[in-house]
Amino acid sequence: MGARQAVQQPTRSKSASYSFSPPVRGWITNELANARPGGASVFENFFPTKTGGRVRGGSLKYATISSGPVLRMWTFKAGQVEEFFASDETKIFNLTTVVDPDVIPAAAVSGQTSGYYSVAQTSNAANASYLYAVNGTDSPQLYDGTTWTAITGISTPAITGVTTSKLSFVWSFASRLFFIEKNTLSVWYLPVDSIGGAASQFSLAGIFQKGGSLLFGGKWSLDSGDGLDDKCVFVSTEGEVAVYQGTNPGSATDWQKVGVYQITPPLGANATMQAGGDLLIATQDGIVPISEAVNKDVAALSLSAITVDIAPAWKREVIARQLIPWEIIKWPTNNMMVVSLPVVSDGQSTLCYVKNLETGSWGYYTGWDTRCIGHFANQGYFGTNTGTIHAMEVTGTDDGAPYTCTYVGLPDHVKSTGVTKTFHSARATFQSNIPFTPKISVSTNYQIRLPAAPSSTSDLVSDLWDVGLWDVALWDGGSALTVSTKWVSVGKTGFVVSPQVQITCGTTPRPLTELIAFDLIYERAGTMV
């Protein structure tokens, strides 16, 4: 008999485990096949933390001011007393104390013709606090902590030299109030430490070359406080930025032009934020620091924007939503920046962007109609297109309605680029203060396929940790954080994989539920030898 022919046998692949980096990088839309660890392609209703991603808190109606849109919200603080105001198209309301969130209160100011205000707080020589609110169509409103006064050329106090109803933006710089005259390139400023008097004109008509008009002004500093290096910034609707230094625009020796720079058009007069001494501006290409705008050509600014990780999504929403001004607030106690993305047409989704100010990572929230946003007494608020105002990140529902939080990690080759793998089991690890029922899954080969979202658990009923079943147990909710994890079958095959978590929130307490780890068990496909 001849020699026996050898029979080829497939080698048996062995199961292996893989741990994904927690989503500390947050939402990333400019990476795919080259994705780095720690990012998410979907981060809906998740907020990035230093250790993972937590589900957002709910929202609760705080007040109703109109049947139309809430256009602006702002605060006034004198000593230890802080007050909260909001405006619709014709009225201003004091919402410091609200008796019934469903009942429209009496207006503090009425008879207005525009509700989109710019506000600035200042003090006079006697160190009394005041707040100016201007809208470019009505006489400016001056608030002294008790009374609102319409400011004209003959009121007390009065502003002379300019038609006051044309003043559309106000800010304070070098102990002076500066005002923009609507639809012009003219700025008007008052004497030092004054809330009235003769306004002096400073024109940028010979400085800006691209037309348009002035939109807003502000302060930029090389340090984080008031000092000699503070600079006054003027920004036009066309994205031209003029920077001046000095304290007196009427003095040739105490007012010098630093330079004129270009950014893409800004998205709103109130779409800015101070970050230390820097001034951040929301533009069509992203949120740009002035410190970068003075050093880079406009074509390269998008790479220096703090929104670079979400640039494709940012530009997509700019096209869809720029008809209504955007806004930015800084929420220091939550280490959070919130960017409003107003709904401008029927059927458009509700959306806002959120950023961790400590880590620089992004997420996005759905379900909140952020026509405008504000911050009062360490609490964030959003005003809606239907006239209501809601507190952010409170309770575990959106005014009683559940909401779903979805995480999809960026595609990962699991250290085996191009090799087909079968993914058997996955587990997510959480720490949480409330009961919840997560749904764990994976998608493969760059195609996101999410299962139906899970239901929320019932409201809190205590159960024993390590005794109740993970899928049904209801642990003692409140402030104590408990770690939970469990392996589940996922059953997918592909050469690249994305981890997925869905959680539906619907309990009374605010959830402090954080995803901190995600692990897989998989096999590589067998090979013939």
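The values are calculated or read from the model by the stated rules, or taken from the named source; none is laboratory data. Please read these numbers as outputs of a predicted model, since none were measured by experiment. No Cβ is skipped: glycine too gets one built from the backbone with ideal geometry, and neighbour counts run over all protein chains shown.
Assuming residue 173 fulfils every condition listed in (1) in contact with a Ser or Thr (Cβ under 8 Å, 6 or more places away or on another chain); (2) buried (at least 19 other Cβ atoms within 10 Å of the Cβ) apart from one, which condition is it? Unmet for residue 173, out of (1) in contact with a Ser or Thr (Cβ under 8 Å, 6 or more places away or on another chain); (2) buried (at least 19 other Cβ atoms within 10 Å of the Cβ): (1).
Matching residues to (1) within 17 Å of residue 406 (Cα to Cα); (2) modelled with pLDDT of 95 or more:
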| site | (1), (2) |
| --- | --- |
| 462 | no, no |
| 473 | no, no |
| 476 | no, no |
| 492 | no, yes |
| 515 | yes, yes |
| 528 | no, no |
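Scanning segment 245-261 for residues that are under 28 Å from the mean Cα position of the chain (by Cα) and surrounded by 23 or more Cβ atoms within 10 Å (Cβ to Cβ) turns up nothing.
State whether one or more residues within segment 160-170 are part of a strand (DSSP E or B), surrounded by fewer than 21 Cβ atoms within 10 Å (Cβ to Cβ) and over 31 Å from the mean Cα position of the chain (by Cα). Scanning segment 160-170, I find at least one residue that is part of a strand (DSSP E or B), surrounded by fewer than 21 Cβ atoms within 10 Å (Cβ to Cβ) and over 31 Å from the mean Cα position of the chain (by Cα), so the answer is yes. Across segment 488-518, the qualifying residues are those that are of a type in the set (A, V, I, L, M) and more than 25 Å from the chain's Cα centre (by Cα), and the one among them that is surrounded by the fewest Cβ atoms within 10 Å (Cβ to Cβ) is 488. For segment 29-74, name all the residues that are within 22 Å of residue 384 (Cβ to Cβ) and among the polar types (S, T, N, Q). Result: 45, 59, 64, 66, 67. Reported count of residues in segment 181-203, each being of a type in the set (Asp, Glu) and in a loop (DSSP other than H, G, I, E, B), is 1. Among the residues of segment 126-146, those identified as within 14 Å of residue 79 (Cα to Cα) and in contact with a strand residue (DSSP E or B) (Cβ under 9 Å, 6 or more places away or on another chain) are 128, 129, 130, 131, 144, 145. Scanning segment 188-213 for residues that are in contact with a Gly (Cβ under 7 Å, 6 or more places away or on another chain) and among the aliphatic types (A, V, I, L, M) gives 190, 198, 199. Of the strands (runs of 3 or more DSSP E) that lie entirely inside segment 336-410, those containing 2 or more residues that are touching a Ser or Thr at 6+ places or on another chain (Cβ under 7 Å), under 17 Å from residue 322 (Cβ atoms) and modelled with pLDDT of 95 or more span 336-341, 351-356, 372-376.
Give 321, 316 a once-over and let me know the one that is crowded, with 18+ Cβ neighbours inside 10 Å, at pLDDT 95 or above, basic (Lys, Arg) and within 28 Å of residue 358 (Cα to Cα).
321
Residue 178 falls short on exactly one of the conditions (1) assigned to a loop (DSSP other than H, G, I, E, B); (2) hydrophobic (A, V, I, L, M, F, W, C); (3) touching a residue at least 24 places away in the same chain (Cβ under 8 Å), and that condition is (1).
The C-beta contact set for segment 249-271 (first residue free of Cβ contacts under 8 Å to residues at least 12 places away in the same chain and under 20 Å from residue 203 (Cβ atoms), second residue among the β-branched types (Val, Ile, Thr) and surrounded by 15 or more Cβ atoms within 10 Å (Cβ to Cβ), distance under 9 angstrom, 6+ apart or interchain) comprises 254/247; 255/247.
Right, residue 422: under 21 Å from residue 314 (Cα atoms), part of a strand (DSSP E or B) and in contact (Cβ under 8 Å) with a residue 40 or more places away in the chain or not?
no
Residues of segment 289-318 that are within 26 Å of residue 169 (Cα to Cα), within 18 Å of the chain's Cα centre (by Cα), β-branched (Val, Ile, Thr) and in a helix (DSSP H, G or I): 318 alone.
For segment 20-47, a tally of residues being farther than 16 Å from residue 366 by Cβ and either crowded, with 20+ Cβ neighbours inside 10 Å or β-branched (Val, Ile, Thr) (or both) returns 8. When 146, 97 are screened for being at pLDDT 95 or above, under 29 Å from the mean Cα position of the chain (by Cα), of a type in the set (Ser, Thr, Tyr) and not in a strand (DSSP E or B), only 97 passes.
Based on what the data block shows, is residue 108 surrounded by fewer than 23 Cβ atoms within 10 Å (Cβ to Cβ) and more than 25 Å from the chain's Cα centre (by Cα)? It would help to see each step written out before you state the result.
On the way: surrounded by fewer than 23 Cβ atoms within 10 Å (Cβ to Cβ): yes; more than 25 Å from the chain's Cα centre (by Cα): yes.
Yes.
Of the residues contained in segment 68-80, one or more are found to be charged (D, E, K, R), buried (at least 19 other Cβ atoms within 10 Å of the Cβ) and under 23 Å from the mean Cα position of the chain (by Cα).
With respect to (1) touching a Cys at 6+ places or on another chain (Cβ under 8 Å); (2) over 30 Å from residue 360 (Cα atoms); (3) among the charged types (D, E, K, R), the lone exception for residue 72 is condition (2). Within segment 120-134, can you find the residues that are under 14 Å from residue 86 (Cβ atoms) and surrounded by fewer than 22 Cβ atoms within 10 Å (Cβ to Cβ)? Residues satisfying the conditions do not exist here.
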